[in-house]
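Accompanying notes for the structure given below.
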Amino acid sequence: MLNEGDGMTGPIPVSNRAANIEYAIRDVVVPAVELEAQGHEILKLNIGDPIAYPGLPTPPHMVEAYVEALRNGKNGYSPSYGLPVLREAIAKDEQRKGWNATSDDVYVCHGVTEALQLIFAAVLDEGTKVLAPGPHYPPYMAYPQMYGAETVEYQLHSDDGWKLDFGDIEEKMDDDVRLLVLINPNNPCGTVCGEEDIDALLAIARKYPNCIVVADEIYDGLDFTGQHVSVASRSHDVPVIALNGVSKVYYAPGWRIGYMALHDPAKRMNNVRDGLERLLRSRLCASTPAQIGYLAGLEQDRSWMDGYATRVKQQRDHCLKRIEQIEGLEVEQPGGAFYMFIRLTDEAWANDDKLFVLNLLHEEHVLLVHGSGFSPRLGKGHVRLVYLADVEVLDEAFDRMDRFLQKHRTTNMS
């Protein structure tokens, strides 16, 4: 029998790898939920979920394919690498982007986030590095440390459209960098890299034989510059892993279907491929009916995408005009995706963007994400806004932000 004092009354310890993970996009939801429980309506412009905003539903033919799969009993496990017919359709889609993908190069995952976890597990060891843009999507910082690796941020030019700083990349590259990441279009900044930038990045990676370029292209169908190209299509020797899926451009994030496509022109990723396949088999498979829904999106008519992209661009342009009129806010025009990374120019908020987000939430019930959540140093003094809500909601949010800024400016001066 256990007695008091036997050491069984304290908390069971959590691992450091779990305790140290932060995910700013969802962390700020916690106080918002508390306010909602108190009866407040929150204008949520924080999460990159297109289904959370009216007018951008998952296309009906994709939904019908998913439902038909359920009706027809296609609920069993799929092959671990994905349904062969879907892998073939993805390979053809990648071929259209300019490189010789085959179905054997494609692996279907639970979204791009799982693909990243698998890549990190297959490639990273103690003392290795991931070189990723700052600011960036939080899992690029959260997961590598689980494998004894570290993420090093390379700089984007915050006053020049968030373009890549190639000098900074050159300086930070070394033989320990196993993965060089390009998010294109970028989350959270909206940067779009064209051929010239991609070629420059590949030229750097080419000097390091153990480095793989990770091309996160989940927003590639939301490019408003006309400059976007596939990274794999530009490489004739550097290994590239392209990431994409159903979440953003096909407007089905909750389906959790993404993929990685391995472009290995010099045949140097055989061991990595074997490791990835072992990991894929060990976690069984991605959702079978959701894969069938994605297949319908790839194989059937895509003309609906034009209308969606037009709406998103119009809302981007509207937000740019509103931000121009608000003292205390500045923004570099995003070239793609559906985010704005807004600079806070009032000194108090520039030095504490998380406090700005929390105070704005509590006082005006507008929910954004603090820029430092995307990079403690390179995202500081910014906030990310998702501009997919109806124009009326966006206008109301900007009115409240303007009122908040004016109020605190007056308070600080008095």
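The values are calculated or read from the model by the stated rules, or taken from the named source; none is laboratory data. Here the structure is a predicted model, which means the values were calculated and not measured. Ideal geometry is used to build each Cβ from the backbone, glycine not excepted, and the neighbour counts take in all protein chains shown.
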* Is it the case that Ile292 is in a helix (DSSP H, G or I), surrounded by 23 or more Cβ atoms within 10 Å (Cβ to Cβ) and among the β-branched types (Val, Ile, Thr)? -> yes
* Looking only at segment 60-84, count how many residues are assigned to a helix (DSSP H, G or I) and either over 19 Å from Gly245 (Cα atoms) or not aromatic (Phe, Trp, Tyr) (or both). => 12
* Looking at (1) loosely packed, with under 15 Cβ neighbours inside 10 Å; (2) in a helix (DSSP H, G or I); (3) of a type outside the set (A, V, I, L, M); (4) in contact (Cβ under 8 Å) with a residue 60 or more places away in the chain, find the lone condition where Pro57 falls short. => (2)
* To do: State all residues of segment 359-372 that are surrounded by fewer than 17 Cβ atoms within 10 Å (Cβ to Cβ) and among the polar types (S, T, N, Q); if no residue qualifies, say none.
  => Asn359
* Asked: Does Ser233 count as assigned by TED's automatic domain parsing to the domain that holds Leu164, outside any strand (DSSP E or B) and in contact with a His (Cβ under 9 Å, 6 or more places away or on another chain)?
  -> yes
* Asked: Which members of segment 93-109 meet the condition of being in a helix (DSSP H, G or I) and either touching a Leu at 6+ places or on another chain (Cβ under 6 Å) or touching a residue at least 24 places away in the same chain (Cβ under 8 Å) (or both)?
  -> Asp93, Glu94, Asp105
* Structure fact -> Being within 21 Å of Gly134 (Cβ to Cβ) and among the small types (Gly, Ala, Ser) narrows Ala232, Ala215 down to just Ala215
* What number of residues within segment 371-401 are in a helix (DSSP H, G or I) and within 17 Å of the chain's Cα centre (by Cα)? -> 3
* Asked: Can you tell which of Val152, Val112 is of a type in the set (Val, Ile, Thr) and touching a residue at least 60 places away in the same chain (Cβ under 8 Å)?
  -> Val112
* Do we find that Tyr339 is surrounded by 22 or more Cβ atoms within 10 Å (Cβ to Cβ) and farther than 22 Å from Ile47 by Cβ in this structure? -> no
* Inside segment 359-370, can you point out the residues that are part of a strand (DSSP E or B) and touching a His at 6+ places or on another chain (Cβ under 9 Å)? -> His370
* Asked: If only one of Pro133, Pro79, Pro188, Pro138 is in contact with a Cys (Cβ under 7 Å, 6 or more places away or on another chain) and either at positive phi or in the same structural domain as Val214 (by TED's automatic domain parsing) (or both), which one is it?
  -> Pro79
* Asked: If a residue has to be among the acidic types (Asp, Glu) and free of Cβ contacts under 8 Å to residues at least 40 places away in the same chain to count, how many in segment 265-294 make the cut?
  -> 1
* If Phe166 satisfies every condition in (1) of a type outside the set (Gly, Ala, Ser); (2) buried (at least 19 other Cβ atoms within 10 Å of the Cβ); (3) touching a helix residue (DSSP H, G or I) at 6+ places or on another chain (Cβ under 6 Å) but one, which is the exception? -> (2)
* Mind checking which residues of segment 195-224 are crowded, with 16+ Cβ neighbours inside 10 Å and either aromatic (Phe, Trp, Tyr) or part of a loop (DSSP other than H, G, I, E, B) (or both)? -> Tyr208, Cys211, Glu217, Ile218, Tyr219, Asp220, Gly221, Leu222, Phe224
* Structure fact -> Exactly one of Phe356, Phe404 is outside the structural domain of Gly134 (by TED's automatic domain parsing), part of a helix (DSSP H, G or I), touching a helix residue (DSSP H, G or I) at 6+ places or on another chain (Cβ under 8 Å) and buried (at least 24 other Cβ atoms within 10 Å of the Cβ), and that one is Phe356
* To do: Sort through Leu378, Leu361, Leu385 and tell me the only one that's closer than 15 Å to Pro188 by Cβ, in contact with a Leu (Cβ under 6 Å, 6 or more places away or on another chain) and not assigned by TED's automatic domain parsing to the domain that holds Pro139.
  => Leu385
